[in-house]
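The structure under discussion appears below in the form of structure tokens.
Nothing in this text is a laboratory measurement; each read-out follows from the coordinates by a stated rule. Predicted model only: the values in this text are computed from it and were never measured. Reconstructed Cβ throughout: ideal geometry from the backbone, glycine too, with neighbour counts over all protein chains shown.
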Amino acid sequence: MFKKLTNLLSNDNRGFSLIELIVVIAILGVIAGVAIPQIGNVIEKSRISADVSNGAIIAGAVTRGIAEGKIGADAGTVAENVYEEYLHGVPTPKLAGAGDFTVSVAAGQVTVSTTKGVVYPNPDGSYEGAGAAEESAGGEG
């Protein structure tokens with residue numbers, strides 16, 4: 001029994017055959033082909049989430065300015081220098097092509113948006129209206 005085991009592990013039977021290596025490389029190629037496109041989707045979703053979160057933070061700063069009387073409840077478009085005193089730094093959108101955040105106030109309701117769409121208030125956690133436009137553009141090609 002021990003002789004058979006040593007014969008199997010002898011120098012003549014070491015290593016992998018070329019076929020085994022090709023199969024492993026093919027499997028890794030298939031896995032990479034599936035995983036790489038998903039990484040791009042995850043990155044875009046994280047940028048959208050960051051923009052929605054930053055929009056909520058900006059809206060909170062503007063709401064505080066309204067509560068303290070520094071910003072009117074019907075101020076229209078609010079300039080960045082008005083609410084930046086409530087923030088450690090004014091954030092910029094992370095999603096490509098989103099431009100800058102635009103803040104408007106009407107009847108005490110704060111709205112934060114970019115060129116891609118409204119980020120606050122937005123209950124579904126995405127750019128309002130931007131998803132439908134991107135899906136229809138993707139469906140044509």
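So, by mean Cβ neighbours within 10 angstrom, what's the order for 32-44, 98-110, 82-94 with the highest one leading?
Top to bottom by mean Cβ count within 10 Å: 98-110, 82-94, 32-44.
Dipole of the range 2-124, Cα-centred, from +1 at each Lys and Arg C-beta and -1 at each Asp and Glu C-beta, to the nearest 20 debye? Walk me through the numbers before you get to the answer.
Numbers: 9 positive and 11 negative charges, 161 e Å.
Roughly 780 debye, rounded to the nearest 20.
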